[in-house]
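The values are calculated or read from the model by the stated rules, or taken from the named source; none is laboratory data. The structure presented is a predicted model; accordingly, all values stated were derived computationally and were not measured. Reconstructed Cβ throughout: ideal geometry from the backbone, glycine too, with neighbour counts over all protein chains shown. The area values use the complete protein model at the heavy-atom level, side chains included, leaving out ligands, DNA and RNA. Shrake-Rupley method; radii C 1.70, N 1.55, O 1.52, S 1.80 Å.
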Protein chains: 2
Amino acid sequence: MTSTPSPLDATQLGAYFALIEASSLLKHAVEQQLREAGDLSYVQFQLLATLGDSPTGSRRMTDLADGVVYSRSGLTYQAQTLEKRGLVTRSQSSDDERGVTVTITDGGRAVLAEVFPGHVAVLDDLLFAALSRADIETLADVLARARDHMRQTPPRSAQPRRRKRTTAANQP
Amino acid sequence: MTSTPSPLDATQLGAYFALIEASSLLKHAVEQQLREAGDLSYVQFQLLATLGDSPTGSRRMTDLADGVVYSRSGLTYQAQTLEKRGLVTRSQSSDDERGVTVTITDGGRAVLAEVFPGHVAVLDDLLFAALSRADIETLADVLARARDHMRQTPPRSAQPRRRKRTTAANQP
DNA sequence: AGCAAGTGCTTCGGATTCGAAGCAACTGCG
DNA sequence: CGCAGTTGCTTCGAATCCGAAGCACTTGCT
């Protein structure tokens, strides 16, 4: 199992740590703002934002979960919570009897709008303030590439059940 | 409070989303590896790694918490857990009677060593595979800058108690 | 058509998380 | 010196999170 993976050099380590650290710091700061401005957790905000972004204002549960990188059961919990608050509705998908479609309500959009300016302000102050235009462009480009690559790996929802094919890391 | 914060442009939004998404995906992948390889959660790994990185192998609780961007109470919990497993020890700081110094044990170092190769492998496969040398260097540079800027804001441990001074953004 | 495997979501139980409150030691200022 | 305010950590209670197991519908294969 210990197949001598090339040890990371200093730059790689730096990139990795900086990525984790920066995202953690940002997430926490944003989380506080969201809590105060609209009593939303970060995930809840992500869910509403994802839905709001959709042309129809709705998505299937699994797609939502994969989109925000969340467990299915966790999403069920959050969907219930948001539904109780009247920010989303849940309904059976028309084509698939099992599927549940989550839709953002006007109330949900209102909260989103309520919270958004402050959200942007935090981003400006914390993330973008220290970066040049070019930095931001590069960041967007590089991270998008990394993300796309990671998305190729089967998402959250596919792993657990069955492991019919080869299991893990491997190349003959 | 709605001070018309400049709306983000597409690039900024892209950078932000990519950052959050990429870090989430990476974190989850790493988490699975850590769980399998050494039954460690991500935070636990971060804590051990931080301690292992220290010349003395030890740190004070608050510094640890701020280092990994964690709540104090959460750290207390994790420190207990790690102590039970014999991966760290806790002792009173010599200079400050209240302070607690956490130190990594040989067992802790062993687990770290056990887990590290696989950890690196995941990083290679998921994060670095899609990026060029130059990409990685840029990423390290830009994110380090962002992180350092965010670190200027008082850390986790300073916020909660008292708000004796002005509340938010400000410089006299 | 009919059954076995697969997929979508929820429920369940337990682990982890956080902020607020509490306790103890430290500090500074009268 | 002595006490009010701070600071370091833990305890407490409640919220959130996840994976495993369960249930219901769908699909593929014969």
Original post:
Cβ-Cβ below 7 Å, separation at least six or inter-chain, first residue in the range A:138-151 and at the interface with chain B (Cβ under 7 Å from one of its Cβ atoms) and more than 9 Å from B:Ala15 (Cβ to Cβ), second open to solvent by 10 Å² or more (accessible area, probe 1.4 Å) and among the acidic types (Asp, Glu): which pairs?
Top reply: A:Val142/B:Asp135; A:Arg147/B:Glu21
Original post:
What number goes with the only condition from (1) within 30 Å of B:Ala130 (Cα to Cα); (2) touching a residue at least 40 places away in the same chain (Cβ under 8 Å); (3) within 15 Å of DNA strand D (Cβ to nearest atom) that B:Leu51 does not pass?
Top reply: (1)
**OP:** For the range A:30-46, indicate whether the set of residues that are among the charged types (D, E, K, R), farther than 15 Å from A:Thr105 by Cα and loosely packed, with under 14 Cβ neighbours inside 10 Å is non-empty.
**Re:** yes
